[in-house]
1. Residue by residue, what Karplus-based ³J(HN,Hα) values in Hz, rounded to whole numbers, does segment 65-73 have, using 6.51, -1.76 and 1.60 with θ = phi - 60° and x for Gly and Pro?
2. Could you grab the relative contact order for segment 59-177? Cα pairs under 8 Å, six or more apart, rounded to a whole percent.
3. Taking 0.36 nm per intervening residue step and subtracting the Cα-Cα distance, what contour gain separates Asp79 from Glu297 on full extension?
4. Using the Karplus curve 6.51 cos²θ - 1.76 cosθ + 1.60 with θ = phi - 60°, what ³J(HN,Hα) values do you get for each residue of segment 203-210, in whole Hz, with x for Gly and Pro?
5. Quick one: net charge around Ser92, please, counting Lys, Arg +1 and Asp, Glu -1 for every other residue with C-beta under 13 Å from its C-beta.
6. Any idea what angle helix 237-253 forms with the longest principal axis of the chain, computed on alpha-carbon atoms, 0 to 90 degrees, nearest 10?
7. Just subtract the alpha-carbon distance of Arg69 and Glu211 from 0.36 nm times their residue separation and send over the number in nm, one decimal.
8. Give the carbon-plus-sulfur fraction of the accessible surface of the chain in %, rounded to a whole number; probe 1.4 Å, heavy atoms of protein chains only.
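The values are calculated or read from the model by the stated rules, or taken from the named source; none is laboratory data. Since the structure is predicted, the reported quantities are computational estimates derived from the model, not experimental observations. In this analysis, Cβ positions are derived from the backbone assuming ideal geometry, glycine residues included, and neighbour counts consider all displayed protein chains. Remember, those area values only see protein heavy atoms, side chains included, never the ligands or the DNA or RNA. Shrake-Rupley method; radii C 1.70, N 1.55, O 1.52, S 1.80 Å.
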Amino acid sequence: MTSALTNTTASTGVPPWEIEEEELAARVERIKRERLMLQRGETPDTRPGHHVRFEAGSDSYWRFYPPGRYYCRRCLDLDKIYQEQDGAVVVSPCPCVEKRRQEAMKKSLENKLKATGLRKKFRSRTFENFNVTELNRPAWDAAKTYAKNFAAHRKSGRSLFLVGDTGRGKTHLAAAIVREVVRQGYRASFVVTIELLSDIRATYQSERKTESQVIQPLKDVDLLVLDDISALDQYSDWEKGKIYELINMRYEAEKPILVTSNKMVGWIKDRLGKKAVDRLLEMCGDFVHVNGENYRERLAHQARCEDY
Ligand SMILES: Nc1ncnc2c1ncn2[C@@H]1O[C@H](COP(=O)(O)OP(=O)(O)OP(=O)(O)O)[C@@H](O)[C@H]1O
Ligand SMILES: [Mg+2]
Ligand SMILES: [Zn+2]
């Protein structure tokens with residue numbers, strides 16, 4: 001008895017798996033041509049409206065486009081571009097796919113940066129938009145190298161202390177480090193020291209938030225930034241104790257800390273005590289000096305000139 005299968009093979013001389021392949025190729029060609037005609041506007045769009053998925057950081061949402069309305073006018077949301085070349089339909093990826101991917105990544109980085117506690121103003125500060133001069137280059141180099149090698153620092157607990165006069169760009173460099181570290185996939189927290197102290201104090205009168213709810217996340221993150229540790233001229237014993245507790249918490253967990261300060265070791269030793277400064281020296285090694293002009297004055301001057 002001969003089967004239908006054998007019959008086909010016998011009648012055409014082509015084995016069945018090749019026929020299937022041929023049919024498949026023909027079907028792909030048909031689809032390509034249909035899409036080409038759709039993109040050329042030569043056939044009506046019979047799609048019943050379509051949904052486009054947008055990524056926004058870790059969230060994603062769908063938007064509905066009625067028939068004839070497109071998110072990408074180039075590919076009509078087909079993600080590919082169909083063109084005719086020498087009678088064949090050539091397919092290439094639409095740039096909108098890569099653009100969407102990059103936008104999603106940017107958005108996701110922005111959301112992660114927001115979660116670090118970094119203020120909007122400093123979320124735009126990067127190594128690239130830091131104006132490098134002869135005087136501040138050593139600090140820029142040190143900060144950039146620190147960020148680049150963060151994977152090793154995360155393991156060793158190696159920390160960084162940026163010291164310099166007001167307006168020299170310490171917070172700018174700290175923000176740039178946070179950005180890079182977050183981009184590498186680490187978790188960071190950026191806190192302005194005196195604001196953190198008030199937040200902790202506020203928990204004593206609050207029934208909603210406890211002190212450990214404020215402090216625990218600062219222990220968990222891969223990098224903690226204590227910005228402007230020398231903001232006050234005098235710290236109370238309670239404040240001194242809390243700052244020491246934070247430094248010691250990171251020290252014992254062998255996790256990196258990034259500190260910015262206007263004042264040098266002597267001042268910190270006098271105000272925060274020997275135990276705090278010894279730990280900082282052990283974790284940070286030499287302090288990095290941020291020299292140069294007072295950028296805040298320069299920006300204010302520019303703004304005044306623009307007003308006229
Ligand atoms: N080299 C630079 N290039 C571009 N912008 C800079 C530079 N240095 C500082 N700035 C900008 O000037 C402003 C002040 O800098 P920043 O706040 O980082 O100073 P700071 O050293 O932290 O001062 P403070 O000790 O008062 O906190 C910011 O807007 C910052 O982005
Ligand atoms: Mg600052
Ligand atoms: Zn497209």
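1. Result, rounded to whole Hz: 10, x, x, x, 10, 10, 6, 10, 6.
2. On the way: 68 pairs, mean separation 23.1, N = 119.
Here the relative contact order equals 19 percent.
3. Values: separation 218, 0.36 × 218 = 78.48 nm, distance 4.95 nm.
Full extension of this stretch gives 73.5 nm more.
4. Using θ = phi - 60°, the values come out as 5, 5, 9, 9, 9, 8, 10, 9 Hz.
5. Numbers: positive: Lys32, Arg35, Arg74, Lys80; negative: Asp79, Glu84, Glu98.
Here the count lands on +1.
6. Approximately 50 degrees, to the nearest ten.
7. Values: separation 142, 0.36 × 142 = 51.12 nm, distance 5.25 nm.
Value of the extension gain: 45.9 nm.
8. Working: 9500 of 18790 Å².
Ligands and nucleic acids excluded, carbon and sulfur reach 51 percent.
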